[in-house]
Amino acid sequence: MGEDNAMTHARQPRHLHDGTLYWPKTMSTAPSYPVLKQRISTEVAIVGGGITGAICAAVLARHGVPAVLIEGQHIASGSTAANTGLVQFANDVMLSDLIDRIGENDAVRFYQACRKAVVALAQLSADTGEDIGYYTRSSLYCASCEDDVAKLIREYSMLRKHDFPVTWGIPSKVGGEFAKVKAGGLVTHGDAEMNPVRMAHALVSYAAKRGVQVFENTGVLEVGRLNGKFTVLCAEGEIVAEHVVKATGYLPGIVTQAASSAPILKRTYALVTPPGQIPEEWPEHYMMWETARPYLYFRTTPDGRILAGGSDEAMPDTGCDAKILQDRTEGLLAQLRELFPRQDWTAEHAWCGMFGESADDLPMIGEHAEQPGIFHALGVGGNGTVYSMIAASMLRDRILGRDNPLTPLLSPSRNQQSGSSSISPYWPSSSTQPSTSMFA
Ligand SMILES: Cc1cc2nc3c(=O)[nH]c(=O)nc-3n(C[C@H](O)[C@H](O)[C@H](O)COP(=O)(O)OP(=O)(O)OC[C@H]3O[C@@H](n4cnc5c(N)ncnc54)[C@H](O)[C@@H]3O)c2cc1C
């Protein structure tokens, strides 16, 4: 690459997502909310109107906790708009591997919390009374190669031992070339698929109807402390709150963590086919993923499309240009063709998005030791939505003064070594108006 090109690329900003998103097109009109232009007092100020902020707002509303939700752009316009909507209790780190790392008690407790969160999300979705495409599904987890079969057998035994709903083997009704291409598989039950944009909007509406005040186009500039309360400063208004929830997602500069617990930013790709492409041999709308890293995953949509994702890579310093996106989209389609060769696979929408992983594969939820009183709700990893639900439950417990056994395990400062912090006392005042997309 010539020097000029390198400089041009280096100047391109990184976005939460690029390409043509699918979910926003499934909502012809979305509710809108005013800009904050006054000073208000509340118990909880939630910063960030993605799926995480929306779930937190709905859970607090259900418990009658006074709250304000502040979004710098529009509800569900950040990573939530790129989210492919798989809701699974099994996650990027297998239960058996997590047991090796943190011991059986904590690992099982965490997996149980994920399972409980899937059930809670179903309930919350039903409570909104809106059609958000939330359907219970089973997930086929394939061994990508012979070497991974033993790992999967161990995983199956651990899940069984601890009463998680799981069955062994690629079901015979799964047709295509699965049996040839994948070396084995297990099926987890009681997972779900959903439309994240519809879901975030439905939850925010649910919360607003129960008294949560919602503001859009209201970027938080700074969070400070005054007389024992938090002051949340925005361009044209201010909120005084007892508690602040940081549900701002993955934007660099806003995700401020101690160096030891900073999320590892990656880029991932997704596509959706035109409607009517579900192969006949695809049973019961199974969701599919695999042991390879990065993994290919796919699901169906209520209007008969396949939604596939994967090809994760280290987050480049550049934006995603059309050529890279086309190349990765072709790669995903080629993997689908390998499994269902009789199908003529094409993509109607293709996009990429930024996401974060933690070094130990666990989300960062709770108070950071160096930002007392600010509750971090950062659901890093492929199971962001499930982690957002866990965050909302932990937030509820904290506000209501209940103990939560996950607190030490998921603390954002859990891996912090003394002296390694890069965190500011309360809130960084930089990059307040996030750029979410170049052309979606
Ligand atoms: C392609 C892709 C596929 C994915 N698929 C899945 C999946 O299938 N299942 C799953 O569980 N997860 C998935 N994820 C992860 C998932 O998208 C995220 O975990 C989740 O959507 C993050 O939601 P959030 O609300 O935390 O962040 P966001 O949706 O980014 O919301 C944060 C909000 O905070 C606002 N904000 C930031 N700073 C400020 C400020 N200073 N003031 C006011 N507002 C501010 C932003 O504007 C933004 O709207 C996927 C991610 C990608 C990129």
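The values are calculated or read from the model by the stated rules, or taken from the named source; none is laboratory data. Just so it is clear, the structure is predicted and the values come from calculations on it, not from any experiment. Cβ sites come from the backbone with ideal geometry, for glycine too, and all protein chains shown count toward neighbours. Note: areas computed on protein heavy atoms with side chains; ligands, DNA, RNA excluded. Shrake-Rupley method; radii C 1.70, N 1.55, O 1.52, S 1.80 Å.
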Sparsely packed GluC sites (Glu not before Pro) within segment 91-170, loop by DSSP, other Cβ within 10 Å at most 16
130
Find how many whole Å separate the alpha carbon centroid of segment 346-413 from the alpha carbon centroid of segment 107-153.
17 Å
Explain nothing, just the number: dipole magnitude of the chain about its Cα centre with +1 on each Lys and Arg Cβ and -1 on each Asp and Glu Cβ, in debye rounded to the nearest 20.
920 debye
Local charge sum around residue 218 (other residues, Cβ-Cβ under 12 Å, Lys/Arg +1, Asp/Glu -1)?
-3
Count the net charge of all other residues whose Cβ sits under 15 Å from the Cβ of residue 76, scoring Lys and Arg as +1 and Asp and Glu as -1.
-1
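For the chain, what does the accessible surface come to per residue with a 1.4 Å probe? Please give it in Å².
Working: 17390 Å² over 440 residues.
It amounts to 40 Å² per residue over the chain.
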Taking segment 107-236, the equivalent ellipsoid from its C-alpha gyration tensor has semi-axes in Å, biggest first, of 42, 19, 15
With a cut-off of at most 11 other beta carbons within 10 Å, and DSSP calling the residue loop, which chymotrypsin sites (Phe, Trp or Tyr not before Pro) in segment 86-174 qualify? Please list them.
none
Order 281, 290, 370, most accessible first, counting only protein heavy atoms with a 1.4 angstrom probe.
370, 281, 290
Note on segment 8-143: contact order normalised by length, alpha-carbon pairs under 8 Å, 6 or more apart, percent, works out to 19 percent
With the dipole of the chain worked out from charges on the C-beta (+1 for Lys and Arg, -1 for Asp and Glu) around the Cα centre, which of 59, 369, 383 lies farthest toward the positive end?
59
Where 346, 218 fall by accessible area, highest first, once all protein chains stay in place (1.4 Å)
346, 218
When the charge dipole of segment 14-410 is computed with +1 on Lys and Arg Cβ and -1 on Asp and Glu Cβ about the Cα centre, the Cα farthest towards its positive end, among 76, 336, 226, belongs to 226
Report the residue, chosen from 358, 144, 157, that carries the largest GNM mean-square fluctuation when the chain is represented by alpha-carbon nodes joined by springs under 10 Å.
157
Charge dipole (debye, nearest 20) of segment 150-221; +1 at Cβ of Lys and Arg, -1 at Cβ of Asp and Glu
220 debye
In percent, how large is the relative contact order of segment 14-410, given Cα pairs closer than 8 Å and 6 or more residues apart?
26 percent
Local net charge near residue 393, Cβ-Cβ under 12 Å (Lys/Arg +1, Asp/Glu -1)
+4
Solution diffusion estimate, µm²/s, Stokes-Einstein, the chain, Kirkwood Rh from C-alpha pairs, 37 °C, viscosity 0.692 mPa s
148 µm²/s
